[in-house]
Amino acid sequence: MAQQAAPLPDAPTLLEQVAEHQRQLDATRENYTWNESVVIRMLDKKGNVKKTESEERNIFFVNSHEIDRTVKKDGKDLTPEEQKKEEDHVMKEVEKAQKTPPGQSIDKNVVSITKVLSMMKVSSPRREMIDGRSAIAFDFTGDPHAKTHGMAEDASKKISGTLWVDEQDREVRRMIARFDDNFHLGFGLFSVGKGSNFTFNQKLVNNELWLPVDAEGHVMAHAIGIIGYRADINVTDTNYQRFHAQAQQMPGAKVVTH
């Protein structure tokens with residue numbers, strides 16, 4: 001006789017657990033640094049690639065806030081002048097992060113997974129397998145009544161998609177989201193188009209911590225007087241390293257490779 005599947009967990013309780021774990025993750029990942037590659041392929045009206053740009057970054061965290069240091073552009077090392085400008089920028093970001101409480105954004109154009117979780121309404125829970133691990137999947141929509149601060153959070157109310165939660169660890173495994181409406185920025189002079197979408201993945205790294213591994217997006221946008229902008233964006237995170245204790249918040253801190 002086939003074994004009966006375990007009942008699905010209560011959705012509100014599960015999401016509360018996921019949000020709490022994500023907040024813990026936001027603090028714990030401060031012990032880690034990694035490399036991030038971003039490739040942007042700009043497309044013409046027919047979807048053909050007309051230009052490709054890339055950046056390589058070093059990612060670290062201060063006071064739970066992500067800091068990105070660009071180290072290469074289009075496959076080339078930064079010039080001494082560019083390096084100086086980037087270090088000045090990084091130090092300013094570090095200072096802002098040190099003064100901004102955890103959970104608050106230092107950039108209103110960026111929204112965290114933790115915040116998105118607090119602004120979604122879920123439905124259709126089901127159990128699926130991802131990489132041999134059980135996950136609970138939900139369909140979701142942005143809550144139009146959620147309180148927001150800044151453009152990125154406002155935009156998050158206009159997305160819908162699917163969220164996968166690792167059932168054992170109660171961590172976000174994957175999120176696929178799309179814009180269901182145009183979202184206007186800059187006094188309505190620029191808009192992210194309906195149908196823009198993105199995918200985000202996290203995995204258990206070194207059997208220690210859930211960290212982002214990749215993301216991709218397709219962006220459609222337009223501005224007054226400018227032909228529509230289309231781009232495919234691919235982000236890959238690799239080379240996770242752990243800081244020595246007591247050194248994790250220093251931009252040049254020594255790390256231990258795992």
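Results, tabulated for the structure shown:
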| read-out | value |
| --- | --- |
| Local electrostatic count, Asp180, Cβ distance below 15 Å [Lys/Arg +1, Asp/Glu -1] | +1 |
| Label-to-label distance, nm, for residues given as Ser118 and Asp68 (7 Å Cα→Cβ offset) | 2.3 |
| Rounded accessible area per residue of the stretch 32-78, 1.4 Å, Å² | 54 |
| Contour excess over end-to-end distance, with Cα ends at Lys50 and Asp232 and 0.36 nm allotted per residue | 64.4 nm |
| Enclosed volume per residue, in Å³, of the convex hull spanned by Cα atoms of the stretch 48-181 | 174 |
| Approximate spin-label separation Ile40-Leu78, in nm, with each point projected 7 Å along Cα-to-Cβ | 1.7 |
| Under 5 Å, built H, 5+ apart or other chain: amide partners of Asp181 | Gly195 |
| Neighbourhood charge, 12 Å Cβ-Cβ cut-off, centred on Val213 and excluding it, Lys, Arg +1 and Asp, Glu -1 | -2 |
| Accessible surface of the stretch 1-150 [probe 1.4 Å, protein heavy atoms]: carbon and sulfur percent | 49 |
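The values are calculated or read from the model by the stated rules, or taken from the named source; none is laboratory data. The model shown is predicted, which means the values in this text are computed figures rather than measured ones. We place every Cβ from the backbone using ideal geometry, glycine too, and count neighbours over all the protein chains shown. We work out accessible area using only protein heavy atoms, side chains counted, and drop any ligands, DNA or RNA first. Shrake-Rupley method; radii C 1.70, N 1.55, O 1.52, S 1.80 Å.
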